[in-house]
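First comes the structure, then the notes that go with it.
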Amino acid sequence: MMVVFTPIAQLFIERRMPKLGNITGVIVVTTGLYFLTLPTGSSFNLGDVTHSRWSFLFGIYIVYLDIFTKEEEFLPLAFSR
């Protein structure tokens, strides 16, 4: 689900349009999620809500990490003491 939320967060935070590959990924993941929740008797439950919420927040984290690493050195971020 991070694949879905990261381009959306990027659109709102950086005002940068998603590329064709991002849009294709969003469509594929959304279709896969639909087929995973399609069976009869299955519904959107608390685990799905929690997973979606954290995926959304992690998508925002990925966008801000991208912004931060453009302005700062990435080695101290990757190999902190």
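The values are calculated or read from the model by the stated rules, or taken from the named source; none is laboratory data. None of the values given here were measured: they were computed from a predicted structure. A quick note on method: Cβ atoms are made from the backbone with ideal geometry, for glycine too, and the neighbour counts reach across all protein chains shown. Surface accessibility is based on the protein's heavy atoms, side chains included, excluding ligands, DNA and RNA. Shrake-Rupley method; radii C 1.70, N 1.55, O 1.52, S 1.80 Å.
Here are a few things to note about the model shown:
- What the phi angles of the stretch 2-16 give under the Karplus curve with 6.51, -1.76 and 1.60, with θ = phi - 60°, is a coupling list of 4, 4, 6, 7, 5, x, 5, 5, 5, 5, 7, 7, 9, 6, 10 Hz, glycine and proline written as x.
- Rounded to the nearest 20, the Cβ-based charge dipole of the chain about its Cα centre (Lys and Arg +1, Asp and Glu -1) stands at 120 debye.
- Neighbour net charge for Thr6 - beta-carbon separation under 14 angstrom, K R +1, D E -1: 0
- Under the combined filter of DSSP loop state and at most 16 neighbouring Cβ atoms within 10 Å, the stretch 15-81 retains these GluC sites (Glu not before Pro): Glu72, Glu73.
- Of [x] 17, 45, 34, 4; [y] 16, 38, 29, 13, 3, 0; [z] 13, 18, 16, 10, 13, 11, 10, 8, 1, the label for P(r) over Cα pairs in 10 Å bins from 0, in percent derived from the coordinates: [y]
- Derived scalar couplings ³J(HN,Hα) [the stretch 67-78; Karplus, 6.51 cos²θ - 1.76 cosθ + 1.60; whole Hz; x for Gly, Pro]: 5, 5, 6, 6, 9, 10, 6, 8, 5, x, 5, 7
- For the stretch 1-69, the solvent-accessible area with a 1.4 angstrom probe is 74 square angstrom per residue.
- Our coupling estimate for the stretch 56-66, obtained by passing each phi through the Karplus curve with A = 6.51, B = -1.76, C = 1.60 and θ = phi - 60°, is 4, 5, 5, x, 5, 4, 4, 5, 5, 5, 5 Hz, Gly and Pro reported as x.
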